[in-house]
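Read through the structure below, which is laid out as structure tokens, and then see the notes.
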Amino acid sequence: MLNKYARAFFTRVLTPFAAFLLRRGVSPDAVTLIGTAGVMAGALVFFPRGEFFWGTIVITLFVFSDLVDGNMARQAGVSSRWGAFLDSTLDRVADGAIFGGFALWYAGNGDNDVLCAVSIFCLASGQVVSYTKARGESIGLPVAVNGLIERAERLVISLVAAGLAGLHAFGVPGIDVLLPIALWIVAVGSLVTLGQRVVTVRRESAEAEAEAAAAAGPDAPDAPGAPGADTAGARPQGGETP
């Protein structure tokens with residue numbers, strides 16, 4: 001949801017900065033790598049020590065590289081499959097570092113096994129949510145669903161809460177509860193989003209197969225129920241796949 005509206009706004013805002021970097025000879029791939037390194041440093045250096053405010057500041061400075069590199073590639077006319085692959089791959093690395101940093105805090109000085117487990121679930125579910133869309137698209141399905149909580153929502157909710165929770169170190173009382181609340185919201189929202197995408201892929205797959213069968217006609221050899229149709233590889237009803 002946020003990805004749909006916020007990305008267009010920040011793309012316009014960051015266009016002059018992207019043009020400046022191009023004039024300086026900086027490549028989009030370099031921005032992607034530097035941005036990911038900065039996010040990882042902010043998450044894995046500050047978060048495990050409970051310094052959520054400063055960690056969030058560092059991460060915020062670098063997280064916009066995800067918009068800048070794509071903007072640079074479009075302006076330079078060098079958009080490529082490699083750039084898209086690198087960007088998507090390093091996004092997963094950055095997300096893993098953020099929630100991994102939370103997990104390390106709660107496994108250590110944060111001393112809360114439940115929140116450590118919730119942080120790990122946020123990390124894993126975020127990766128799977130992204131995978132379901134990529135895998136669905138790779139088999140030719142549109143996966144036409146945004147979902148309740150996508151990457152933009154996961155980052156905004158968790159980082160805003162972490163930054164505010166970090167103000168507890170400056171004497172603001174009771175505000176540290178925001179991070180646990182945010183992690184639970186992200187965990188539940190990611191689970192719902194995963195369900196939405198699985199259901200969507202299931203429906204789109206059934207529709208695609210029905211359309212293919214209808215186009216082939218009832219007399220096609222491979223059409224379901226057609227005379228002579230090959231059913232050797234069909235899953236047996238009520239049993240496990242061989």
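The values are calculated or read from the model by the stated rules, or taken from the named source; none is laboratory data. No experiment lies behind these values; they were computed from the predicted model shown. Positions of Cβ are generated from backbone atoms using ideal geometry, with glycine treated the same way; all protein chains shown enter the neighbour counts. The protein model used for the area step is the full one, side chains on, heavy atoms only, and it has no ligands, DNA or RNA in it. Shrake-Rupley method; radii C 1.70, N 1.55, O 1.52, S 1.80 Å.
Annotations
- Total residues in region 29-46, condition crowded, with 22+ Cβ neighbours inside 10 Å and in contact with a Gly (Cβ under 6 Å, 6 or more places away or on another chain): 3
- Any hit, region 135-148, residues being modelled with pLDDT of 95 or more, among the polar types (S, T, N, Q) and within 19 Å of the chain's Cα centre (by Cα): no
- Any hit, region 58-70, residues being farther than 23 Å from Glu153 by Cβ and assigned to a helix (DSSP H, G or I): no
- Condition broken by Val143, with the remaining ones in (1) in contact (Cβ under 8 Å) with a residue 60 or more places away in the chain; (2) within 22 Å of Trp105 (Cα to Cα) satisfied: (2)
- Subset of region 137-155 that is hydrophobic (A, V, I, L, M, F, W, C) and more than 20 Å from Glu51 (Cβ to Cβ) - its residue that is surrounded by the fewest Cβ atoms within 10 Å (Cβ to Cβ): Ala144
- The residues of region 166-183 that are among the small types (Gly, Ala, Ser) and open to solvent by less than 10 Å² (accessible area, probe 1.4 Å), listed by number, are Gly166, Ala182.
- Check on Val58, β-branched (Val, Ile, Thr), in contact with a Gly (Cβ under 7 Å, 6 or more places away or on another chain) and either closer than 30 Å to Pro180 by Cβ or open to solvent by less than 50 Å² (accessible area, probe 1.4 Å) (or both): yes
- Single residue of Tyr106, Tyr131 found to be over 11 Å from Ser190 (Cα atoms), open to solvent by less than 40 Å² (accessible area, probe 1.4 Å) and not in a loop (DSSP other than H, G, I, E, B): Tyr106
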